[in-house]
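Notes follow once the structure below has been shown.
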Amino acid sequence: ASAWSQIPQGPPDAILGITEAFKKDKHPQKINLGVGAYRDDKGKPYVLPSVYQAEQQVIHQNLDKEYAGITGVPEFTKAAALLAYGPDSTPLKEGSIAITQSISGTGALRIGGAFLQRFYPGAKTIYIPTPSWANHKAVFSDSLLEVKQYRYYNKDTIGLDFDGMVADIKNMPKGSIILLHACAHNPTGVDPTEDQWRAISDAVKEGDHFPFFDMAYQGFASGDTDKDAFALRHFVKEGHFPCLAQSFAKNMGLYGERVGAFSIVTASPEEKARVDSQIKIIVRPLYSNPPVHGARVASTILNDPALNKQWLGEVEGMATRIIKMRALLKENLEKLGSKQKWNHITDQIGMFAYTGLTAEQMSKLAEEHSVYATKDGRISVAGITSDNVGRLAESIYKITG
Ligand code: PLP
């Protein structure tokens, strides 16, 4: 017998299960709203033209395939920090932000988890919103942090439980670690307003808490990379020293290339150098150094003014299509005479809409209408097209009345 004869069967990944069921369905107009990846208005994966052009440039440079340093491609990380923190950022100008390339956003969160577990001087507990991206709990528990939750979503208003959130922040033990979705909260699509972010920043400061930003959708939410970075930049301006996980999966459509960055705002260039040295010590035994191709592509886009401008237009294009599909879905539901309110569909932002549909209704949607999405009622708006939005609205109408 092998060493694994007693190994227990693990449960399948929730999203992959949906894809399986979708594939088996023979309905000619079946709809998959499970996956968190952008689709164009024909329902097809989208390679951004700026990415294609940058890739051609990279190929024509005939670069070698030598290893990058432990922290990756320096032109990439420098530009990634600028994109996130902005040109007016004091710590960026002072050279006190430590940054490393990462295996996309997930890898950035994992490095952050490892760093906090090893060096955070306070309690090694991280508070994540209820609900949060399903992988947050797993990433941070695997980093040996204790994971607790704070109130975030109010199911009665299908919006933000702002009072609950602030009350929970105020009740956390002093110096707690708090994970914040910088924009386009996944899975709810519910974001605080700028005024609410100001109040959240004050509450975090009052508690002397440590903010960990997860920014997987910069530009993808509003179509404007500066606007979507508001929360992070406000916290930095207010004197917080946050850390940040960045992903270029969605905003550059580089999903499988695994391009991301993890950074920490420190108090001085000297402190940054020490933090940087420890990040390297964490990364080296994990995977030695990150892959170069995707980072070269992202770096080309970020550093070439013409390509950068083109890319910003393409990000805006994706965000705008999603915003339009939200409006169309709501409009179609209203036209059908739905008695329910669907304002939340257009109030929410980013890739996902939290419909407020129950697990039972979601099962019905799949079984009776061949519309597939997660049981929590989350639908990927990126999977909605001009062609399927009508049938989608009818299906939702039929199960909700
Ligand atoms: N964080 C959030 C909130 C996400 O929604 C995602 C992707 O869905 C990620 C992080 C990380 O994704 P990736 O590892 O593909 O960059």
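The values are calculated or read from the model by the stated rules, or taken from the named source; none is laboratory data. Keep in mind it's a predicted model, so treat the numbers as computed, not measured. Glycine gets a Cβ as well: all are built from the backbone with ideal geometry, and neighbour counts include every protein chain shown.
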- Give the number of residues within region 232-290 that are more than 11 Å from the ligand (Cβ to nearest atom) and in a strand (DSSP E or B). 6
- Message: Only one of Thr355, Thr385, Thr346 is without any contact (Cβ under 8 Å) to a residue 40 or more places away in the chain, out of contact with any Cys (no Cβ under 6 Å at 6 or more places or on another chain) and closer than 21 Å to Tyr38 by Cα. Can you tell me which?
- Response: Thr346
- Message: Among the residues of region 313-325, are any free of Cβ contacts under 8 Å to residues at least 12 places away in the same chain, surrounded by fewer than 20 Cβ atoms within 10 Å (Cβ to Cβ) and more than 29 Å from Asn388 (Cα to Cα)?
- Response: no
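Yes/no per residue for (1) touching a residue at least 12 places away in the same chain (Cβ under 8 Å); (2) surrounded by 15 or more Cβ atoms within 10 Å (Cβ to Cβ); (3) touching a Ser or Thr at 6+ places or on another chain (Cβ under 6 Å):
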position: Lys124; (1), (2), (3): yes, yes, no
position: Pro131; (1), (2), (3): yes, yes, no
position: Val139; (1), (2), (3): yes, yes, no
position: Glu146; (1), (2), (3): yes, no, yes
position: Tyr152; (1), (2), (3): yes, yes, yes
position: Lys170; (1), (2), (3): yes, no, no
position: Leu180; (1), (2), (3): yes, yes, no
position: Asn186; (1), (2), (3): yes, yes, no
position: Val190; (1), (2), (3): yes, yes, no
- Query: Quick check: is even one residue across region 147-155 at pLDDT below 95, over 22 Å from Lys227 (Cα atoms), β-branched (Val, Ile, Thr) and more than 12 Å from the ligand (Cβ to nearest atom)?
  - Reply: no
- Message: Considering only region 35-49, I want to know if a residue exists there that is over 27 Å from Glu367 (Cβ atoms), assigned to a helix (DSSP H, G or I) and in contact (Cβ under 8 Å) with a residue 24 or more places away in the chain.
- Response: yes
- Task: Select from region 60-89 the residues that are loosely packed, with under 13 Cβ neighbours inside 10 Å and assigned to a helix (DSSP H, G or I) and list them in ascending order.
- Result: His60
